Amino acid sequence: MKIPFKLLFLLFLTIFSTKSFCQKMVEYYEPVKNDSLKVGIEENAFLPYIQKGYTLILPENKEIKGVLIFLEDSKYDEKNRSSKQMYTQAMEKDFAVLSVSTEIPLDFYFSKSSMLSTHKLIREVFNKYNLPNDNIFFLGTSLVGHRAMRYIKFMKANDFKFQPKIKGIVVCNFTMDFTRKWYQHKRDIKINRIDLGEPKFINYLLETNLGGTPKTNPENYHNFSSYSYSDEKNENVKIYKDYAVRAYIEPAIKYKLTKQLRTLYENNSTDIVGFLAELNLKGNENTELIVLQPEDNPSTQKNTQSTWDALDKDELMDWILKQTKK
């Protein structure tokens, strides 16, 4: 029996519509500054400024239950690469998604001006689009996640009239201990087995902005880190003790050993496990660790972004929704 084409077409539309959700996109980015920043000792080590602004995705004609925030820069994070992977899940659960960028390329949030810029943009978006100041989650990998931790610390240390009511943080395979990170890159440079662009770039920025090395100025490295194994007090960990925290790590031990000759010490997983342990010691019992195994990530490139790309976004959104009911 032949099924009429029109009937097949209607059936296709019905099936397709079950995974389609109405959404509204708003973008605002300022013209890029015609200037650059020095990022290394080499004569040509400069990066141009990027566009400051935001992208907001809203579920249409629905009451917004919460907001997912990604502090992604407008260029080097490939214009919201990570947040785009959550659009479908967020719209399905009536969450808005906000991506915010400063004008600083590959911004580590060394300066208060960067974090203040981010705060003003977040406040502007919440006021302009009447977003609910409730059920706010910060998410991210690599610098996106690091920026979230820095921003939260900055926001809580200042008496701003607008204070985002943060419910939780999603930590994904990023550096928390910059003392460890500096030593990792010092070793990378010494053994010279990988491309040294990133190690030299990061250590230059750390030494320039933190007033030396962990040997000469350990306190600045501790203050800049969300967690540090060498910091006996780990006061920064207290900042996050009242939030739901889900952490994703991908140790990829064999890959890092064979491809990069890196040890367990040169691994972001070390930081994150230590951070969760300290959180627990400080009274936070709402934490969870997800460990990605080799079979969970088919990518041949094992890095922070590939960890985010591989994790189960549907299950993550279910976890986020569960936190809103606590």
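Before we move on, is Arg150 more than 30 Å from Val97 (Cα to Cα), in contact with a Phe, Trp or Tyr (Cβ under 9 Å, 6 or more places away or on another chain) and in contact (Cβ under 8 Å) with a residue 24 or more places away in the chain? It is false that Arg150 is more than 30 Å from Val97 (Cα to Cα), in contact with a Phe, Trp or Tyr (Cβ under 9 Å, 6 or more places away or on another chain) and in contact (Cβ under 8 Å) with a residue 24 or more places away in the chain. Taking the range 229-284 as the range and being among the polar types (S, T, N, Q) and in a loop (DSSP other than H, G, I, E, B) as the test, the residues that pass are Ser230, Asn234, Thr263, Asn267, Asn284. For the range 241-261, which residues satisfy the criterion of being farther than 23 Å from His222 by Cα and charged (D, E, K, R)? Once the filter is applied, which keeps residues that are farther than 23 Å from His222 by Cα and charged (D, E, K, R), the range 241-261 yields Glu250, Lys254, Lys256, Lys259. Candidates are the residues of the range 257-295 that are in contact (Cβ under 8 Å) with a residue 24 or more places away in the chain and among the β-branched types (Val, Ile, Thr); the one that is surrounded by the fewest Cβ atoms within 10 Å (Cβ to Cβ) is Val291. Screening the range 87-117 for residues that are surrounded by fewer than 23 Cβ atoms within 10 Å (Cβ to Cβ), touching a residue at least 40 places away in the same chain (Cβ under 8 Å) and of a type in the set (A, V, I, L, M) and picking the one that is nearest to Ile202 (Cα to Cα) gives Leu106.
Residue count for the range 193-207 under the criterion of being farther than 13 Å from Arg262 by Cβ and surrounded by fewer than 20 Cβ atoms within 10 Å (Cβ to Cβ): the result is 8.
Highlighted here are the helices (runs of 4 or more DSSP H) found entirely within the range 1-117 that include at least 1 residues which are modelled with pLDDT of 95 or more: 81-84, 87-92. Between Gly168, Gly140, the distinction of being touching a Cys at 6+ places or on another chain (Cβ under 7 Å), buried (at least 16 other Cβ atoms within 10 Å of the Cβ), at pLDDT 95 or above and of a type outside the set (Ser, Thr, Tyr) belongs to Gly140 only.
Quick grid of which residues meet (1) of a type in the set (Phe, Trp, Tyr); (2) surrounded by fewer than 20 Cβ atoms within 10 Å (Cβ to Cβ):
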| residue | (1), (2) |
| --- | --- |
| Ile122 | no, no |
| Tyr129 | yes, yes |
| Asp134 | no, yes |
| Arg150 | no, no |
| Gln163 | no, yes |
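A single member of Tyr221, Tyr204, Tyr129 is of a type in the set (Phe, Trp, Tyr), out of contact with any Phe, Trp or Tyr (no Cβ under 7 Å at 6 or more places or on another chain), over 30 Å from Glu315 (Cα atoms) and modelled with pLDDT of 95 or more, and it is Tyr204.
Looking across the range 82-113, the residues that are closer than 23 Å to Ser36 by Cβ and charged (D, E, K, R) come down to Glu103, Asp107, Lys112.
The values are calculated or read from the model by the stated rules, or taken from the named source; none is laboratory data. In this text the structure is predicted, and so the values were computed from the model without any measurement. FYI the Cβ positions are ideal-geometry reconstructions off the backbone, even for glycines, and counts take in every protein chain you see.
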